[in-house]
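The values are calculated or read from the model by the stated rules, or taken from the named source; none is laboratory data. As the structure is a computational prediction, the values presented were derived from the model and not from experiment. Note that each Cβ is placed from the backbone with ideal geometry, even for glycine, and that neighbours are counted across all protein chains shown.
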């Protein structure tokens, strides 16, 4: 199959997803196919790069976890493949040639106007169901980070952080991210 039928009511599987070879990017949420939106904004990409750099700088000394930026396939369920903006995976058994198989330890989604509802509702529920230990929703426009931690199988809002805060990375001890470094931008 070259590409999915976006207007059908068909329930797709991970095998269907693997067969799509039309050069487009898709996500599969409980069998429903979603075409990826066009390239994100400049600010989105700057925040993604800065946040990735800040986390990676702290992971380097641990030598056990891996950070990866989109696009990367994350296989959560038999009918769910997502492409978060940033993932951190600490279990090497989840890393395969095709991507991450199973729940990453940390997932970061950076909001875009066209994806905000999906990130807040659909992906929130999927990441919780799959057992993602920590989920960050980043609002680059308002310079806010909403941090959710999995407690007894349910996400709990740890806190909402702003540009003047440091964010503790809950999956690690003594790791904090300075949000001034994340939200700074050279727009010119």
Filter result (over 12 Å from residue 58 (Cα atoms) and either buried (at least 17 other Cβ atoms within 10 Å of the Cβ) or without any contact (Cβ under 8 Å) to a residue 40 or more places away in the chain (or both)) within region 172-185: 179, 180, 182, 183
Given the conditions (1) closer than 19 Å to residue 36 by Cβ; (2) modelled with pLDDT under 95; (3) surrounded by 20 or more Cβ atoms within 10 Å (Cβ to Cβ), which single one is not true for residue 100? (2)
Every listed condition ((1) farther than 26 Å from residue 19 by Cβ; (2) touching a strand residue (DSSP E or B) at 6+ places or on another chain (Cβ under 7 Å)) holds for residue 104 save (1)
Wholly within region 32-138, strands (runs of 3 or more DSSP E) carrying at least 1 residues that are under 15 Å from the mean Cα position of the chain (by Cα): 66-69, 74-77, 80-82, 86-89, 99-101, 106-110
